[in-house]
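Inspection log for the structure reproduced underneath, given as structure tokens.
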Amino acid sequence: MLIKDIVQRDLATVTPKASLGEVLRILNRNEVRHVPVVEDERLVGIISDRDIKAALALSLGPGGEPIHRTAGQIMTRDPETIAPMVAVEAAARIMVTKRISALPVIEQGRLTGIVTETDLLRLLSHAMGALEPSSRVDVIVPGAGSAVSVSDVISLVEATGIRISSVMTWTMPAGTLDIVIRLATINPFPAVRALEAKGYAVRDLGWEAPV
């Protein structure tokens, strides 16, 4: 999946001359945590709710008089950006390594949208089938021959007649492979029994067995 598939295109922006109050109103009215700052149709910065909180804490002078602050004074200049045709995992990598929670999307030099950590979490939830009635089965297998194991595990589950919503694999610190299977049923026990009968280790996720 690409950035263009999850980008938020309907976004509010401000100019560098916008007051702190204007920026705060936009954040609250649109229920967002980030506002791009645009000048002459060019992205020059981004403001987060954390920037707002820091600015508000410094909005009074020594004598208690209010200090006028603008978007240009509190924004993060030249923020990290991403292009619409880039894979979504690239956005996740940038957010993690740079410790940021939003990326403006730039196409042909113009701001066309924004991608946030919420968009990535929503995508992960959809990919793992977590937004529909389902259950999860974790199968732990040795790292060696993992490709064969994944294929075998999927075949065993499908043989029970249960539909698989998604399959993800994770390499554990010990070198074992965690095969995470999301099942389109709230009763995973036929699949669990089939896997255990073949000698696979299935992690106990606290399911309640049917009476």
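See the values below:
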{"item": "Selection from the stretch 15-36 of residues that are charged (D, E, K, R) and not in a helix (DSSP H, G or I)", "result": "LYS17, GLU31, ARG33"}
{"item": "Of residues in the stretch 117-144 being among the polar types (S, T, N, Q) and farther than 19 Å from VAL192 by Cβ, the one modelled with the highest pLDDT", "result": "THR118"}
{"item": "Complete set of residues in the stretch 84-109 that are touching an Asp or Glu at 6+ places or on another chain (Cβ under 7 Å) and under 12 Å from ARG9 (Cβ atoms)", "result": "PRO84"}
{"item": "Selection count where residues are in a helix (DSSP H, G or I) and either assigned by TED's automatic domain parsing to the domain that holds ILE164 or not hydrophobic (A, V, I, L, M, F, W, C) (or both), scope the stretch 73-105", "result": "5"}
{"item": "Listing of strands (runs of 3 or more DSSP E) fully contained in the stretch 106-190 that carry 3 or more residues being among the polar types (S, T, N, Q) and not assigned by TED's automatic domain parsing to the domain that holds SER48", "result": "164-171"}
{"item": "Residue count, the stretch 53-82 (criterion: surrounded by fewer than 15 Cβ atoms within 10 Å (Cβ to Cβ), at pLDDT 90 or above and not polar (S, T, N, Q))", "result": "2"}
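The values are calculated or read from the model by the stated rules, or taken from the named source; none is laboratory data. Computed from a predicted structure; not experimentally measured. Glycine also receives a Cβ, built like all others from the backbone with ideal geometry; neighbour counts cover every protein chain displayed.
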